Amino acid sequence: MELTPLLAVVLFLPPPLAVAHMAWTAASRRRHTRCYLLDYVCYKPEDDRTLTAELACAIVQRNERLGIPEFRFLLRLISRTGLGDRTYAPRNLLDGREELAAQRDSVDEMVACFDGAVPELLARTGLRARDVDVLVVNVSGFFPEPCLASRVVRRYGMREDVAAYNLSGMGCSATLVAVDVARNAMRARSPRPVVALVVSTESLAPHWYAGKDRTMMLGQCLFRCGGAAVLLSSDPAHRGRAKMELRRLVRSTTADSDDAYSCIMQREDDDGLRGVSISKALPKAALRAFAANLQRLLPRVLPAMEIARLAADLAWQNLLQRRRHRGQTKLKINLKAGVDHICLHAGGVAVIDAVKKSFGLEERDVEPSRMTLHRWGNTSASSVWYVLSYMEAKGRLRRGDKVLMVTFGSGFKCNSCVWEVAGDMADKGAWADCIDAYPPESKPSPFLEKFAWINDEAADESSSPF
C-alpha cells in the first residue's frame, strides 16, 4: 500500500474499519502477486530444416580448414553428444552460407520462431496480444535495433503501454531470468492483475564456428534451433484455467570463480574466427552453481524431516572430519523428498550425467532431459520447456505435483524454480508426432552407424570421405 492512501485510511476511518481495510488490501495484494502459468508452446521448425547425420557430415566436410584429424575429432564429438537424426538448423547453414550469415538470416530465424509459437499460444489461451501487459524476450546472441521485444510488439499489435523487456547475453539459463523479470513486474503492478508473455529462443544463424580450435567445436555439435512462448498471469480469476503455479524461484551466479566464469565463453580463436569455447570444467562448474542454488532453495521446499536428517548428517560428518582429518563433507541430498519431478536443462550428456550421479537420481528422473537432447538438441534457454512438454506428453504430471525446473548458463549461472501443477496437463505439444517412439530402444548413435570409420585410429585417407 502506498504511503498517501495509507495515511488517508488511518486518519479518516475509524480504527476498526482502518484495520479491516488494511487487512483486505494486504490479502488482495497477496492474491494478485501469485504467478500462474496459463500455457506454453514449444516451437517446431519446418521439416526442411532437419539436420540429419548425412547433412551434418556434409557441412563439416565442406570446411576446407579441416583435415582428416579435425574431421574425425568433430564427428566423434557429434556422435557422443546424444543428439538424434531429427534436430533443426538455421537455413543459412543448410544453404551453405554458414560463414556468410547476414542480419537478415538472424531476423528471419527469429520471426519464424515467434510466428511458430506466439499466435498458437494466444489462440490456445483465448487471449489477444493486446491483453498482454508485460513482454520479456530473451535471445542471448542476437541484439539488433530496434530490439527483438519491440519487433514482437509491432508484429502482433500489442498496446502502447506494454512493458517490454529485452534480455541478451544470459545464455542457457535466461528463461528463468525472464520469468523472474515478469514476476517482479507483476508484483510492481499489484494489486492490478497482470498478463505476461515470455519468449525464449536463440539465434544460431551467425554463430557457426568454422575453425580448428577443439574447445570451440562442441558448441556446433550441441546447439540446435528451437524456442518457446510462455503466458503467465497474476489474475486470481485465471487460477482455474492455469496449468501450473510458481511457488519458488532462486537465481545463483558463481562468476567469482575463474573456472566457472570462463568454462563457457564467446571468443576468437588464433585465426580470428569467433565461436563459443566450452571447457572440460563445465560439469564441475554446473554442480558448484547447482549446490549454491540449492543452499537457498532446499530450506523452502524440503519437508522438516528431510532438513533435520541433513542437519544431523552434516553434524556427524563434521565431527568425523575433525577426528579423522578427513576432507570435505559430502551430503546425500534427496531432491525427490520435496519435489515430484525434475525438469533439468538439456545442456549435454556430461552435465546430465553429473547431476544424476551427484544427487543419486534414477534414470527416469533424467529421461525427459536425455530425450529432449536426442530429439531437439540443446535449444539453449528454451530447452527446459521441451523437457516439461515431454513430461506432459507422457502423462506424468498430476494435479498437486511439484516440478523442480533447473537451468544452467554461462557466467556461470544456475537458476531454479518450483512449479506446482494446478490443472490438467495432457497436451502432447511439439512431441505429438513422436512421443510414442520415446524413449527409443538402446542403439548406437546415427552418426556412428553411418561413419564407423571415425573410431579407426589407423584409418587412412582411403577410408575417409575426403
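Return the carbon/sulfur percentage of the accessible area of the stretch 167-249, one whole number, probe 1.4 Å, all protein chains in place.
50 percent
State the answer as a single residue: which of Ala308, Ser79, Ala393 lies farthest towards the positive end of the charge dipole of the chain, with beta carbon charges of +1 for Lys and Arg and -1 for Asp and Glu, about the Cα centre.
Ala308
Which three lengths, in whole Å and largest first, does the chain cover when its Cα atoms are put on their principal axes?
94, 67, 44 Å, listed from the longest principal axis down.
Taking 7 Å along the Cα-to-C-beta vector as the label spot, tell me the Glu46-Glu120 distance in nanometres, rounded to one decimal.
1.6 nm
Please list 41-54, 406-419, 275-288, 383-396 highest first by mean number of surrounding beta-carbon atoms within 10 Å per residue.
Order by mean packing, descending: 406-419, 383-396, 275-288, 41-54.
Once you have all Cα-Cα distances for the stretch 358-443, histogram them in 10 Å bins from zero and send the whole-percent values.
15, 48, 32, 5
With the cut-off at 1.5 for a/c, could you classify the stretch 260-400 from its C-alpha gyration tensor as rounded, prolate or oblate?
oblate
Leaving out ligands and nucleic acids, note down the accessible area per residue over the chain with a 1.4 angstrom probe, in whole Å². Before the final figure, lay out the partial values.
Values: 21560 Å² over 466 residues.
I get 46 Å² per residue for the chain.
Suppose the Debye formula is applied to equal point scatterers at every Cα of the stretch 180-221; what is log10 I(q)/I(0) at q = 0.15 Å⁻¹?
-0.57
Compute the normalised compactness of the stretch 109-158: alpha-carbon radius of gyration over 2.2 N^0.38 Å, N being the residue count.
1.14
Within 10 Å, count the other beta carbons around each residue, average over each peptide in 224-230, 155-161, and list them highest first.
Listed from highest to lowest mean packing, they are 224-230, 155-161.
In debye to the nearest 20, how big a dipole does the chain give about its Cα centre with +1 on each Lys and Arg Cβ and -1 on each Asp and Glu Cβ? Kindly include the intermediate steps, with their values, before the conclusion.
Numbers: 64 positive and 55 negative charges, 496 e Å.
For this selection, approximately 2380 debye.
Given labels modelled 7 Å from the Cα in the Cβ direction, how far is it in nm from Ala58 to Ala102?
For Ala58 paired with Ala102, the spin-label model returns 2.3 nm.
Using the crude model of +1 on Lys and Arg Cβ and -1 on Asp and Glu Cβ, and no other charge, please compute the dipole size for the stretch 20-177 relative to its Cα centre, in debye to 20.
Approximately 700 debye in magnitude.
Computed FRET efficiency, Cβ-Cβ of Leu77 and Arg192, R0 60 Å: what is it to the nearest 0.05? Could the numbers behind the result be given before it?
Details: r = 51 Å, r/R0 = 0.85.
After rounding, the FRET efficiency stands at 0.75.
Quote to one decimal, in nm, the extra length available between Leu314 and Arg128 on full extension: 0.36 nm per residue of separation minus the C-alpha distance between them.
61.7 nm
May I have the pair-distance distribution P(r) for the stretch 108-213, computed from all Cα-Cα distances with 10 Å bins from 0 and rounded to whole percent?
Distribution as computed: 14, 46, 30, 7, 3, 0 percent.
Give the angle, between 0 and 90 degrees and rounded to the nearest 10, that separates the Cα long axis of helix 383-393 from the longest principal axis of the Cα atoms of the chain.
Result, in degrees: 80.
Pick out, from Gly171, Ala196, Ser140, the residue whose Cα sits farthest towards the positive end of the charge dipole of the stretch 76-197, with +1 on the Cβ of Lys and Arg and -1 on the Cβ of Asp and Glu.
Ala196
Just for the stretch 88-243, what percent of DSSP beta bridges are antiparallel, to the closest 5? Kindly include the intermediate steps, with their values, before the conclusion.
Values: 7 of 18 bridges.
Once the DSSP bridges in the stretch 88-243 are tallied, antiparallel ones form about 40 percent.
What is the antiparallel percent of DSSP beta bridges lying wholly in the chain, to the nearest 5?
Around 70 percent antiparallel, to the nearest 5.
Once you wrap a convex hull around the alpha carbon atoms of the stretch 195-241, what is its projected area averaged over all directions, in nm²?
If I average the Cα hull's projected area over directions, I get 4.9 nm².
Using the Cβ atoms and a cut-off under 15 Å, what net charge is assigned to the surroundings of Leu38, where Lys and Arg are +1 and Asp and Glu are -1?
Details: positive: Arg34, Arg124, Arg128, Arg183, Arg239, Arg241, Lys243; negative: Asp39, Glu120, Asp131, Asp133, Asp235, Glu245, Glu392, Glu420, Asp424, Asp427.
My count for the surroundings of Leu38 gives -3.
Compute the angle between helix 282-301 and the longest alpha-carbon principal axis of the chain, please, reported from 0 to 90 degrees and rounded to the nearest 10.
20 degrees
With everything on Cα atoms, drop me the angle between helix 363-376 and the longest principal axis of the chain, reported from 0 to 90° to the nearest 10.
The two axes meet at around 60 degrees.
In angstroms, what radius of gyration and Dmax does the stretch 163-290 have, counting Cα atoms only?
18.4, 58
Give the value in nm², to one decimal: projected area of the alpha carbon convex hull of the stretch 347-404, averaged over all directions.
If I average the Cα hull's projected area over directions, I get 4.1 nm².
Once you list every other residue whose beta carbon is under 13 Å from the beta carbon of Asn334, what net charge do they have if Lys and Arg are +1 and Asp and Glu are -1?
Value of the local net charge: -2.
Multiply the residue separation of Arg296 and Ile68 by 0.36 nm, subtract the distance between their alpha-carbon atoms, and state the gained length in nm to one decimal.
So the extension gain works out to 77.2 nm.
May I ask you to compute the full-extension gain from Arg159 to Glu441, defined as 0.36 nm times their residue separation minus their alpha-carbon distance, rounded to one decimal in nm?
96.6 nm
The values are calculated or read from the model by the stated rules, or taken from the named source; none is laboratory data. Since the structure is predicted, the reported quantities are computational estimates derived from the model, not experimental observations. Using ideal geometry, Cβ is built from the backbone for each residue, glycine included, and neighbour counts are taken over all protein chains shown. Heavy atoms of the whole protein, side chains included, go into the accessibility calculation; ligands, DNA and RNA do not. Shrake-Rupley method; radii C 1.70, N 1.55, O 1.52, S 1.80 Å.
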